[in-house]
Amino acid sequence: MNFDEAIGYIEGALKFGINPGLEKIGAICERLDNPQLKYPTIQITGTNGKTSTTWMTRTLLTTSGLRAGCYTSPHLHTYRERITIDGELITEEDFARALNDIMPAVESVRAEYGELTEFEILTAMAFYHFAVSSVDVAVFEVGLGGRWDATSMVQPRVAAITSIALDHTDRLGETFEEIAWDKAHIITRGSIAVIGETPPGAFEKIRERCEAHDVPMILHGRDFSPHGISILKNEGSSFSIDGIFGTYDDIRLPVFGDYQVINFTMAVAIVETFTGHRIEDDTLRRSLAAVTCPGRFELVSSNPAVVLDGAHNPDGMAMLVAGLPKAFDYDRLLVVLAVSNDKDIKQMIETLGANAAMLILTQNTSYRSASVNQLNDIAMRVTNSYSIEADLEKAINKAISMACAGDLVCITGSLYTVADARKILVNKR
């Protein structure tokens, strides 16, 4: 099996969508002698911030001298982005080899239990690849929720929850409490929980889970927190962290968005919890130099400035419109929006419509993308400053042509949108 054949096999599983449950992934792991238990793991969930926090955690671990695997989803341009070691994408050869090696287990489980999803197969590949690559630690970003997510086959040394907000309410529940209860299932006996800022009701569900499994909690605001935050427009941010084992002063984070301060603070607390000691100052500095967050307040062009951000729910959109004027100097904001059809589109458009001089509604290439007709039906009831352009590239060109030199164009609504926009803008350049 070569790389193209491996991709074809995995893409063939896309039609099986999301299939909550651990029975199939558990059966695969058992047939592979549980590779996910052969190295220490960190598992990270949360409504917003989990991908950036996962990347930052991996970076800190690597610069600490550990061989660190990292599993994230979704990808922007290639499936190889999802499985990395020390920041290096899995090679095409190793990707194909991993799938080929686990194929007997995959096919055996498929014959007994039924079809497997794309995410189940990729997660099993990551479990296996990290084991045969002899990583010192692997960081797993939860795909959805926590209770039935395939990554929950790990037994994490650190279980982290970055945030709780309303998203995927059709699967996780319609309240903060229900969503927190589902995500808190990554917390298991033998782990330590690192918890970010959460609504009071959500925190109670997390606390109950920790008490039931005798798991200690490391809490944002009590055990670790950022302070002295200064957002440096067009540069990033400067701040200090009161960590678990010491204080880290004069941190310069070279990525945009004030929420990234919280994400990096979470990553520091996660790594401190995992290692049991303070992070060396030199390690922290080298980590900061290596931090990248593609698709998160990513500045890809100037004059006018063009920023990509994967905000994909109302809470993320509120953070976006609050963070943009802090991060960048600009006169007017023009937004290109393409969003998945299962989101709270009305609230997202309301938030953007109240903050943007113009909102251009469009579609991305994902089968989940809301149609422009669907977006128009909603927008016409909640805002006046919008236009429709079904083709994403034309929508981007329209926004850029409307923008003056001092304006900011933001392309947002989904990581699928960001991925498509990156391809368009890179090709254009």
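The values are calculated or read from the model by the stated rules, or taken from the named source; none is laboratory data. Remember, predicted model here, so these are calculated numbers, not experimental data. Cβ coordinates were reconstructed from backbone atoms using ideal geometry, including for glycine residues, and neighbour counts include every protein chain displayed. These area figures cover heavy atoms from the full protein model, side chains too; ligands, DNA and RNA do not enter into them. Shrake-Rupley method; radii C 1.70, N 1.55, O 1.52, S 1.80 Å.
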- line: Debye calc, one equal point scatterer per Cα of the chain, no solvent, log10 I(q)/I(0) at q = 0.07, 0.10 1/Å comes to -0.33, -0.69
- request: Set Lys and Arg Cβ to +1 and Asp and Glu Cβ to -1, take the dipole of the chain about its Cα centre, and tell me which of 146, 133, 373 lies farthest positive.
  value: 373
task: Take the cross-link list 326/346; 394/423; 343/394 and give me the ones stretching past 22 Å between alpha-carbons.
output: 326/346; 343/394
- request: Obtain the nm distance between the two label points defined at residue 188 and residue 1 by a simple spin-label model: each point lies 7 Å from its Cα along the Cα-to-C-beta direction.
  value: 2.5 nm
- request: Taking the Cα centre of region 210-293 as origin, sum charge times position over the Cβ atoms of Lys and Arg (+1) and Asp and Glu (-1), and report the length of that vector in debye to the nearest 20.
  value: 280 debye
message: Quick one: 3J(HN,Hα) in Hz for region 383-390, Karplus 6.51/-1.76/1.60 with θ = phi - 60°, rounded, Gly and Pro as x.
response: 8, 9, 8, 8, 9, 10, 8, 5
field: region 249-291 shape via C-alpha gyration tensor axes, a/c threshold 1.5
entry: oblate
- request: Keeping all protein chains in place, calculate the accessible area per residue for region 278-429 (probe 1.4 angstrom), answer in Å².
  value: 42 Å²
field: Cα gyration tensor category, rounded, prolate or oblate, for region 160-281 with a/c compared to 1.5
entry: oblate
statement: Of all DSSP beta bridges having both residues in the chain, the percent classed as antiparallel (nearest 5) is 35 percent
- prompt: Expressed as a whole percent, how much of the Cα-Cα distance distribution for region 97-200 exceeds 21 Å?
  reply: 45 percent
field: Charge-dipole axis of region 242-370 as Lys and Arg at +1 and Asp and Glu at -1 on Cβ define it, positive-most pick from 364, 265, 247
entry: 364
message: At 7 Å along Cα-to-Cβ for each site, give me the label-to-label distance between residue 225 and residue 252 in nm.
response: 2.7 nm
task: Provide the FRET efficiency to the nearest 0.05 for the residue 367-residue 111 pair, computing r from the beta carbons and using R0 = 30 Å.
output: 0.65
field: Relative contact order %, region 293-426, counting alpha carbon pairs below 8 Å whose residues are six or more apart
entry: 37 percent
task: Could you work out which residue, out of 327, 126, 338, moves most in a Gaussian network model of the chain, that is, has the largest mean-square fluctuation with Cα springs under 10 Å?
output: 327
task: Name the residue, out of 112, 178, 208, whose mean-square fluctuation peaks in a Gaussian network model built on the chain with Cα pairs under 10 Å.
output: 112
statement: Quick shape check on region 340-429: root eigenvalues a ≥ b ≥ c of the Cα gyration tensor, a/c under 1.5 is rounded, otherwise prolate if a/b tops b/c, else oblate, and it reads oblate
message: Sort 223, 309 by heavy-atom solvent-accessible area, probe 1.4 angstrom, most to least.
response: 223, 309
task: Using Cα centres only, tell me the gap between region 357-416 and region 156-212 in whole Å.
output: 34 Å
field: HN-Hα J in Hz across region 194-201 - Karplus 6.51, -1.76, 1.60, θ = phi - 60°, x for Gly and Pro
entry: 10, 10, x, 5, 9, x, x, x
field: Restricting region 296-374 to chymotrypsin sites (Phe, Trp or Tyr not before Pro) in coil, as DSSP defines it, with at most 12 other Cβ within 10 Å
entry: 367
message: Give me the percent of accessible area attributable to carbon and sulfur for the chain, probe 1.4 angstrom.
response: 47 percent
- prompt: With charges set only on the Cβ (+1 for Lys and Arg, -1 for Asp and Glu), what does the dipole of region 122-260 come to about its Cα centre, in debye to the nearest 20?
  reply: 280 debye
field: Paramagnetic label zone (point 7 Å from Cα along Cα-to-C-beta, residue 332; backbone N under 14 Å) in region 341-377
entry: 355-360
For the chain: relative contact order, % (alpha-carbon pairs under 8 angstrom, 6 or more apart): 15 percent
Low-density loop cleavage sites - trypsin sites (Lys or Arg not before Pro) in region 197-226, where at most 14 other Cβ are within 10 Å (DSSP): 222
- request: Would you compute, from DSSP H runs of 4+ residues alone, the mean residue ellipticity of the chain at 222 nm, taking -39500 (n - 2.57) per run and dividing by the full residue count, rounded to the nearest 500?
  value: -13000 deg cm²/dmol
message: If I model a spin label as a point 7 Å beyond the Cα along the Cα-Cβ vector, how far apart are those points for residue 157 and residue 235 in nm?
response: 3.7 nm
Selection from 320, 217, 386, by position along the positive dipole direction of the chain (Cβ): 386
- line: When the chain is treated as a Gaussian network with springs between alpha carbons less than 10 Å apart, the largest mean-square fluctuation among 358, 380, 217 is found at 380
message: With +1 on the Cβ of every Lys and Arg and -1 on the Cβ of every Asp and Glu, and nothing else charged, how large is the dipole of the chain about its Cα centre, in debye rounded to the nearest 20?
response: 480 debye
